[in-house]
Amino acid sequence: MDKSFSFAVSATDGKARRGTIHTPRGEIRTPAFMPVGTAATVKAMLPGSVRETGADILLGNTYHLMLRPTAERIDRLGGLHQFMNWDRPILTDSGGFQVMSLGALRKLTEDGVTFKSHIDGSKHSLTPERSMEIQQLLGSDIVMCFDECPALPADRDRIAESMRLSMRWAARSRDAFGDRPGHALFGIQQGGLEQDLRAESAEALRGIGFDGYAIGGLAVGEGQEAMFDVLDYAPDQLPTDKPRYLMGVGKPDDIVGAVARGVDMMDCVLPSRSGRTGQAWTRRGQVNIRNARHADDPRPLDETCTCPACRGYSRAYLHHVTRAKEMIAGMLLTWHNLHYFQEIMQGMRDAIEAGTFADWQAAFHAQRADGDIDRL
């Protein structure tokens, strides 16, 4: 087995990049969307079903897994891949974002963060060193350095202070990660909406040296226009020969806009969370299957989609099981949403290779502007 981790760009079209991340557990085709398996499961999906949608890699959550069932237990049981029956690559976040969102339940110092569990109130601590230890116990293929992510809006001094703390933590994460062939460590750029602070962060990360670079601190309340303003320059501040990962994004038009600006990887809970609440994403936009107008509609969610929900079930059925709160509703809608998100990624990969990304992007937006397919 090849133990190396590498990344190669095979085609570009404007700033959009088509590439491949090679890991010992398999290749990741980029641009890549990573479904989120927060607690060692993509909710409402079997691992094999997630793979059938086209996913090459999943995301796991350090904060949740360290609390339950604990990283030590997962390690004793053979690691996260074996534990959740997923033999492809896994990226784990550092736990920093979840801990920061606890607000009054946590205390921040130079050393790290102490916090109370949202489950039982027990006390825990996360430092760069502990985050690296947990992610090693989990056995993740791509490890994220420990950082702080302040919510936006925030004043410039607060963002600068947080970014510089994150850079000190990044250096400690790099030291603690050590030399682990076949496993990668990604740094995380911070700096809010401030171009000079993001440049300072990128320079610090490049000086430390990472296998990939994430753009953090976005999709935290700033809105799409502000996010795209940052993405107009942030990817260009990072190395061209390493993967660029935009954390926590997003809606389909967010994803397409990010790829157009040079992003290679994304993750978001949206496809599965929407599926559990009766929301479906289609090529013509979002559908709320709970609406009464679907009750007698014999057509599929999307007549061009090949997922099980669209191949075998009508809008009327999906409306019924959603309103009846049957488990199959979340299962079918989540499968559809994940299938559609991966369809977007494949469409972009093909278009970048063909040099037709601008045309593909225009068609994508035109279809969505037409509205839900039941208005045809």
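The values are calculated or read from the model by the stated rules, or taken from the named source; none is laboratory data. Source: prediction; values computed, not measured. Reconstructed Cβ throughout: ideal geometry from the backbone, glycine too, with neighbour counts over all protein chains shown.
Assorted remarks:
- From Ala11, Ala71, residue being closer than 19 Å to Ser131 by Cα and either in contact with a Gly (Cβ under 6 Å, 6 or more places away or on another chain) or touching a residue at least 60 places away in the same chain (Cβ under 8 Å) (or both): Ala71
- Subset of segment 175-197 that is farther than 16 Å from Ile208 by Cβ and out of contact with any strand residue (DSSP E or B) (no Cβ under 9 Å at 6 or more places or on another chain) - its residue that is surrounded by the fewest Cβ atoms within 10 Å (Cβ to Cβ): Pro181
- Of the helices (runs of 4 or more DSSP H) lying entirely inside segment 38-118, not one contains at least 2 residues that are over 18 Å from the mean Cα position of the chain (by Cα), over 30 Å from His336 (Cα atoms) and modelled with pLDDT under 95.
- Scanning segment 281-311 for residues that are part of a helix (DSSP H, G or I), surrounded by fewer than 19 Cβ atoms within 10 Å (Cβ to Cβ) and over 29 Å from the mean Cα position of the chain (by Cα) turns up Ala292, Arg293.
- Candidates Ile328, Ile352: the one that is outside the structural domain of Ile21 (by TED's automatic domain parsing) and surrounded by fewer than 19 Cβ atoms within 10 Å (Cβ to Cβ) is Ile328.
- Conditions (1) surrounded by fewer than 22 Cβ atoms within 10 Å (Cβ to Cβ); (2) within 25 Å of the chain's Cα centre (by Cα); number of the one not met by Tyr317: (2)
- Condition met for Arg130 (surrounded by fewer than 22 Cβ atoms within 10 Å (Cβ to Cβ), basic (Lys, Arg) and in contact with a Gly (Cβ under 8 Å, 6 or more places away or on another chain)): yes
- Restricting segment 213-227 to residues that are surrounded by fewer than 22 Cβ atoms within 10 Å (Cβ to Cβ) and within 10 Å of Leu193 (Cα to Cα) leaves a set whose member that is modelled with the lowest pLDDT is Glu222.
- Filter result (free of Cβ contacts under 8 Å to residues at least 40 places away in the same chain and small (Gly, Ala, Ser)) within segment 205-218: Gly207, Gly209
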